[in-house]
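Okay, structure first, notes after.
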Amino acid sequence: MKKPFVKRGSNKKLLIWGKRIFLGVAGVLLLFLVLNWIFPVPDKVEYSTIVTDNKGEVIHAFLTHDQQWRMKTDLDEISPLLRKTIIEKEDKYFYYHPGVNPLAMLRALGRNLLSWRRTSGASTITMQVARALEPKRRTYWGKLVEVFRAFQLEWKYSKDQILQLYLNKVPYGGNIQGVKSASILYFSKNPDHLSLAEITALSVIPNRPSTLVIGKRNDLIVAERNKWLRRWAREGVFTPKEIEDALAEPLTANRGVVPGLVPQLAWKLKKRGQDVVHSTIELNTQLKIEKLVKDYSRTLTLKNIRNAAVVVIDNRTHAVVGYVGSADFHDSADAGQVNGAAAVRQPGSTLKPLLYGLCFDAGLLTPKMTIEDVPVNYNGFTPENYDRKFNGYVTVDYALGHSLNIPAVKSLKALGTDVLIHKLGQCDFRQIDKDRNKLGLSMILGGCGATLEELTGLYSIFAHQGEYISPVYTTDDSAAAGPAGSLRNAWRPTGGVAVPSFAGDSAGEAGGKGGVVGRRILSPAAAYMINEMLSRVNRPDFPVNWESTVHLPKIAWKTGTSYGRRDAWSIGYNRKYTVGVWIGNFSGVGIPELSGANVATPLLFTVFNTIDYDDDDQWFRQPPDCDIRMVCTETGLPPADFCSHLVTDYFIPLVSPARQCDNMKEVFVSADEKMSYCRVCLPEAGYKKKIYSVVSPEMREYFEANKIAYVPIPKHNLTCEKLFREGGPVVVSPANGSEYLINKKDPEPVQLQCRAGNDVGKVYWYINDKFYKGGDVGVKQFFIPTEGPVKISVTDDKGRNRNIWIRVRYVDL
């Protein structure tokens, strides 16, 4: 059988041509890749920063650096209707060509040559994006560059991403670029909410942006819009009903203004550098609070109090749903642009609840334990109460309810400032964490810096059973809004004894998106005790001018007033919300009428009654690690044999103080009750037993200074040998080892004061080993020291002695 005849030359030519075509295509591709590397596509676009509420509606936007409204349209905002309309209008074959439509270009070239002028274009959506990214003169060279850029875009991006770029850069007249900017400014809605008529009206504007201006030539826009709608009706692009409805829809739009709500928070979130910031703000709640703050601040102007700030946290989601930085952002006379919610101010007494909660967990205190509210001196620091009075024995519950300063300072001294600073650092207190090496006992009275944002976040721990989760401002944050999750964190108190892990009820649990676990600040028991203490209304910081007591919100709250009456605070919470209120002046001027109780708390109550008026949620439930016991009313400790008056108190088993009450003790006294004996000097006969209250030297001074009657233990047997070995006097002032600066021109005397046992009648003072003055115990003496080291000695009438040293420098003040 013969083989078929084949021309060998033909096969060879085909092979040569195939190689040439392959090499040509490879060469073109290689050239493209080289040029693409040398001349990358200029695709960096600056967008207007926009802030949305928790529903995605734009509530604030900022101009770009070139003063354009260019709001980014995300892919999920390109609805099927918007996509279909734009593609039908601009580029039917968008999803089929490689960036350039050759047939359209040939057709346009032929028309232009026949008419010897430019009568039609052939720009695809990709080519329009290239032109928008790199504007050039309309020349053939410019068109060639445009084609190259179009290929680059198709190489780098997907079709949907190119469509997104087009919708973000398309001009709509003036300084409006992008479909989202046009949609917001002309129709006050997001692009995915536009109707077919609205989308078509916007689609015709880029062809003639200077003449088709919404609000000025709506008639021309409607005519052009309807022309395209009828064309699509003929082509069957949309249903007859859709076309009919679109043709009947009027165009009444005008250019509006970009929303400028929540301005201070918007500026804060702008610093994140995102094009679109999805905030957690609930717009309805925000608008209500803004109006409340503005109206309430107006009533305070007669007292020269001109500004206020409010932060609202949703305890179920940890989201900041309300944020007001000033009474009126546009009031330049009173610095309305200042963000009072983020300003570092003195927190006054607002840190006291945390302090007492930490003391509960450290096993130092319980709510009914007593503290001595009497004068103290810690190395020259002598705190005073708000009313400059002393109250003697007070319970922790009373001290917190009345915001007493001295018990708080004593509690911080026992706990340690480092513990409190560490916990505040865990709660994102930036300024306090920075100043940790400078802070002392005065920090609990407001001698530190904190913001309303931080304090409001701090108080949310009491609603989360002692767990701190950072408040979230955007839905992109790690603890973004969502149903509260389950948190099961074992709590180990200071004593090292494990208490079973807990699962709080729905609103009291911490948690959120992704099972977020916060930082343990307090045990559930300590948080619950604070909740009970702060929710009582019979306390002095209840506002005297509060008129709406018919519906008092069920909340726990604490007030604070900074030194000099510059800042008034009131922070409250229930299961749903934590609300922080600051009132004052951004100038920092003090106002006599400014106080947390009478100025800030009325606004706090009003906010709660507005956002949570019909709150019928159950109050916080007692956690398993919190128990109840009977304690002595005199000390708050478990009763001993001589305790007769008892009261119930919360405590943490195996953590709270378990020692018995030592307030009463049995004393051996003489028959006439004028002398007491110890077992060393107890006679064989002529004595009896009697129960006495144990009074410390500090309380003894307080009773005598305020002429309060008490029954002292009789003076000890003067012949007892033990008496002379123990119980020497203690120098209270001046502080041992301190340095005193004294004005040369007007030297002030240094105070001498000591404490001694109840067996002492008189004390004698010596300066540099020379007798200075004697007097009764508790009587304050004064002297003007010499410069340099000074030795101060005090001797009681039993011969017991105590020495201290101070250093004195005379300076020009």
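Leaving out ligands, DNA and RNA, and with a 1.4 Å probe, what % of the accessible surface on segment 545-646 is carbon or sulfur? Provide the component values of the computation, followed by the final result.
Numbers: 2010 of 4220 Å².
Ligands and nucleic acids excluded, carbon and sulfur give 48 percent.
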Most to least accessible of 257, 667 (protein chains only, probe 1.4 Å)
257, 667
When the Cα atoms of segment 643-792 are enclosed in a convex hull and the volume is divided per residue, what value in Å³ results?
213
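Only helical DSSP H runs with n ≥ 4 go in: add -39500 (n - 2.57) per run for the chain, normalise by residue count and round the 222 nm mean residue ellipticity to 500 deg cm²/dmol.
Details: 21 runs with 249 residues, N = 813.
Theoretical 222 nm ellipticity from helices: -9500 deg cm²/dmol.
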With equal scatterers on the alpha carbons only and no solvent term, can you work out the Debye log10 of I(q)/I(0) for segment 375-482 at 0.13 1/Å?
-0.59
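Quick one: if the Förster radius is 45 Å, what FRET efficiency do residue 254 and residue 274 give, using the C-beta to C-beta distance and rounding to 0.05?
On the way: r = 30 Å, r/R0 = 0.67.
Rounded to the nearest 0.05, the efficiency is 0.90.
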Quick check: at a probe of 1.4 Å, how many percent of the accessible area of segment 667-813 sits on carbon and sulfur atoms?
51
With contacts defined as alpha carbon pairs under 8 Å and 6 or more residues apart, what's the relative contact order of the chain in percent?
9
Which value, in nm² and rounded to one decimal, describes the direction-averaged projected area of the C-alpha convex hull of the chain?
60.3
If the cut-off is a Cα-Cα distance under 14 Å, which aspartates and glutamates reach residue 554, setting aside same-chain residues fewer than 8 apart in sequence?
532, 612, 614, 615, 616, 617
Please compute the contact order of segment 225-367 in relative form: average sequence separation of alpha-carbon pairs under 8 Å and at least six residues apart, divided by the residue count, as a percent.
16
Where only protein heavy atoms count, and the probe is 1.4 Å, what is the accessible area per residue for segment 346-447 in Å²?
38
Listed by chain and number, the lysines with an alpha carbon less than 30 angstrom from that of residue 13, same-chain partners under 8 positions apart left out, are 2, 3
Taking the Cα-to-Cβ direction at residue 805 and at residue 95 and moving 7 Å from each Cα, how far apart do the two end points lie in nm?
9.1
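Once you charge only the Cβ atoms, +1 for Lys and Arg and -1 for Asp and Glu, what is the size of the charge dipole of segment 273-419 about its Cα centre, to the nearest 20 debye?
Values: 14 positive and 15 negative charges, 69 e Å.
That gives a dipole near 340 debye.
Using the structure shown, select from 558/780; 189/268; 715/770; 688/798; 707/798; 438/558 the pairs with a Cα to Cα distance greater than 31 angstrom.
On the way: 558/780 37 Å; 189/268 24 Å; 715/770 29 Å; 688/798 25 Å; 707/798 26 Å; 438/558 26 Å.
Correct reply: 558/780.
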Once both label points are put 7 Å beyond Cα along the C-beta direction, the residue 426-residue 762 separation in nm becomes 5.6
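Once you've got the Cα coordinates, tell me which of 12/159; 156/180; 368/434; 216/241 are over 31 Å apart.
Numbers: 12/159 41 Å; 156/180 24 Å; 368/434 35 Å; 216/241 29 Å.
Beyond 31 Å: 12/159; 368/434.
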For segment 156-253, place one equal point scatterer on every Cα, skip the solvent, and apply the Debye formula. What is log10 of I(q)/I(0) at q = 0.13, 0.14, 0.19, 0.25 Å⁻¹?
-0.46, -0.53, -0.95, -1.35
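Taking 35 Å as R0, compute the FRET efficiency from the Cβ-Cβ separation of residue 418 and residue 610 and round it to 0.05.
Details: r = 41 Å, r/R0 = 1.16.
Between residue 418 and residue 610 the formula returns 0.30.
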For a bin width of 10 Å, list the pair-distance distribution of segment 546-619 built from all Cα-Cα distances, rounded to whole %.
21, 47, 24, 8, 0
Ignoring ligands and nucleic acids, residue 297 exposes an accessible area, probe 1.4 Å, in Å² to the nearest 10, of 10
With all protein chains present, calculate the accessible area of residue 780 using a 1.4 Å probe and round the result to the nearest 10 Å².
110
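Determine the share of segment 296-419's accessible area contributed by carbon and sulfur atoms, expressed in whole percent, with a 1.4 angstrom probe. Could the numbers behind the result be given before it?
Details: 2230 of 4400 Å².
Looking at segment 296-419 in its full context, I get 51 percent from C and S.
What accessible area per residue, rounded to a whole number of Å², is obtained for segment 220-292 using a probe radius of 1.4 Å? The partial results should precede the final answer.
Values: 4000 Å² over 73 residues.
Averaged over the residues of segment 220-292, the accessible area is 55 Å².
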Aspartates and glutamates near residue 423 by alpha-carbon distance under 17 Å, same-chain residues fewer than 8 away left out - which ones?
361, 433, 435, 453, 454, 467
In terms of modelled amide H atoms, which long-range or inter-chain residues lie less than 5 Å from the amide H of residue 474?
280
Per-residue accessible area, 1.4 Å probe, largest first, puts 299, 350 in the order 299, 350
When ranked by the protection proxy of mean other Cβ atoms within 10 Å per residue, highest first, what sequence do the peptides 145-154, 316-325, 163-172, 34-43 form?
316-325, 163-172, 145-154, 34-43
Assuming 0.36 nm per residue, please report the length gained on full extension of the stretch residue 786 to residue 139 beyond their Cα-Cα distance.
223.5 nm
What ranking of 211, 280 comes out by heavy-atom accessible area, probe 1.4 Å, highest first?
211, 280
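Could you tell me which helices of the chain pass both thresholds, a Cα extent of 18 Å or more along their own axis and a mean Kyte-Doolittle hydropathy of at least -0.5, with helices taken as whole DSSP H runs? Working shown, then result.
On the way: long enough: 8-38 (44 Å, 1.03); 102-115 (20 Å, 0.66); 140-156 (24 Å, -0.17); 218-235 (25 Å, -1.18); 283-300 (26 Å, -0.54).
Within the chain the helices that satisfy the rule are 8-38, 102-115, 140-156.
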Given charges at beta-carbon only (K, R positive; D, E negative), |dipole| of segment 522-658 in Debye:
300
Mind running the shape call on segment 6-105? Use the C-alpha gyration tensor, a ≥ b ≥ c as the square roots of the eigenvalues: rounded below 1.5 for a/c, prolate if a/b tops b/c, oblate otherwise.
prolate
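Normalising by the residue count of segment 637-714, find the relative contact order in percent from Cα pairs under 8 Å and 6+ residues apart.
Values: 81 pairs, mean separation 21.5, N = 78.
About 28 percent, as a whole number.
If you roll a 1.4 Å probe over the heavy atoms of the protein chains, what accessible area per residue do you get for segment 674-805, in Å²? Mind showing how you got there, number by number?
Numbers: 7650 Å² over 132 residues.
Accessible area per residue: 58 Å².
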Cysteines having no other Cys beta carbon under 4.7 Å from their own, within the chain:
359, 427, 448, 626, 678, 754
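The values are calculated or read from the model by the stated rules, or taken from the named source; none is laboratory data. Only a predicted model underlies this, so the values are computations on that prediction, with no experimental measurement involved. Cβ coordinates were reconstructed from backbone atoms using ideal geometry, including for glycine residues, and neighbour counts include every protein chain displayed. Please note that ligands, DNA and RNA were not included when accessible areas were found on the heavy atoms of the full protein model with its side chains. Shrake-Rupley method; radii C 1.70, N 1.55, O 1.52, S 1.80 Å.
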